[in-house]
Amino acid sequence: MKNIFTNTQFLTSAYKVSQLPDDVGLEIAIAGRSNAGKSTTLNTLVGNKKLAKVSKTPGRTQLLNCFDLGDDRRLVDLPGYGYAKVPKKVKAHWQHEINLYLQQRKSLIGVVIVMDIRHPLKEFDQQFLHWADQSGLYSHVLLNKSDKFKAGKAKSVMLEVRKKMQTISRTSTIQMFSGLKKEGVAELSSTLMSWYNDPSVLNLNEEE
Ligand SMILES: Nc1nc2c(ncn2[C@@H]2O[C@H](COP(=O)(O)OP(=O)(O)OP(=O)(O)O)[C@@H](O)[C@H]2O)c(=O)[nH]1
Ligand SMILES: [Mg+2]
């Protein structure tokens with residue numbers, strides 16, 4: 001199957017939802033706690049280390065960064081949630097815009113929720129999963145930084161998280177991932193392709 005991610009290009013950085021590109025086509029958002037590895041994941045997926053800015057300092061992504069895959073398909077790198085040191089005002093603004101984005105964006109078909117495998121399924125991750133389920137969106141959890149654990153330990157964390165997830169969302173899926181070691185890229189890529197290519201999603205989108 002054609003890899004639709006290889007020609008991904010930066011489209012725009014929006015401070016507000018209203019500054020995002022026209023709400024047409026199909027969009028997938030990458031969400032997760034600050035520093036979980038959202039931007040690294042995006043870069044690994046599209047095979048371009050320099051596309052989304054990565055940082056050792058949490059709270060690096062402060063805008064809704066939008067990327068174009070062609071054919072009106074987009075990826076959006078969201079600002080991370082749950083980072084305490086960000087000034088209150090800034091945090092309130094992000095929270096507001098993320099909520100608005102999730103509630104209003106018609107082209108949004110699914111969310112990738114990136115978690116650090118050492119700190120999985122925190123409260124807001126759970127809320128996010130629940131919300132995606134309620135809204136009929138696809139959701140896929142990445143247990144990122146799997147390189148931080150030995151294979152056996154990583155597997156047992158995944159089984160535990162999967163079990164808990166199933167009590168929150170009926171449809172969400174999960175996989176291990178390492179942006180650092182480029183592990184799990186094919187699985188992530190085929191999951192997102194199946195979302196973009198789902199005819200029921202296409203119909204839904206056209207009806208609106
Ligand atoms: N060991 C390891 N480190 C990773 C991995 N993915 C990301 N990192 C590191 O985690 C830190 C944060 O990565 P980012 O991709 O900037 O994380 P983010 O979720 O976009 O962060 P914010 O934009 O601040 O919310 C960086 O130091 C990355 O190098 C991984 O798979 N393994
Ligand atoms: Mg980021």
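The values are calculated or read from the model by the stated rules, or taken from the named source; none is laboratory data. Everything numeric here is computed off the predicted structure, so don't read it as measured data. Note: ideal-geometry Cβ built from the backbone for every residue, glycine included; neighbour counts use all protein chains shown. Side chains included, ligands, DNA and RNA excluded: accessible areas come from the protein's heavy atoms. Shrake-Rupley method; radii C 1.70, N 1.55, O 1.52, S 1.80 Å.
Along the charge dipole of the range 9-195, pointing to its positive end and built from +1/-1 on Cβ of Lys, Arg, Asp and Glu, which listed residue (Q127, N144, M193) has its Cα farthest out? Highest projection toward the positive end goes to N144.
Along its three principal directions, the equivalent ellipsoid of the chain from the Cα gyration tensor extends over semi-axes of 23, 20, 18 Å, largest first. Counting only protein heavy atoms and a probe of 1.4 Å, the accessible surface of the chain is 51% carbon and sulfur. DSSP bridge analysis restricted to the chain gives an antiparallel fraction near 30%, rounded to the nearest 5. Looking at the range 1-104, the accessible area is 53 square angstrom per residue; that uses a 1.4 Å probe and ignores ligands, DNA and RNA.
When the alpha-carbon atoms of the range 83-184 are used, the pair Rg, Dmax equals 14.7, 42 angstrom. For the range 2-63 versus the range 87-118, the inter-centroid distance based on Cα atoms is 12 Å.
When the P(r) of the range 35-124 is calculated, the portion above 22 Å amounts to 29% of the C-alpha pairs.
Loop-located GluC sites (Glu not before Pro) across the range 136-194 with a Cβ neighbour count of 10 or fewer within 10 Å are lacking, with loop assigned by DSSP.
Net length available on complete extension from K150 to S194 is 12.8 nm, with 0.36 nm assigned per residue and the Cα-Cα distance removed.
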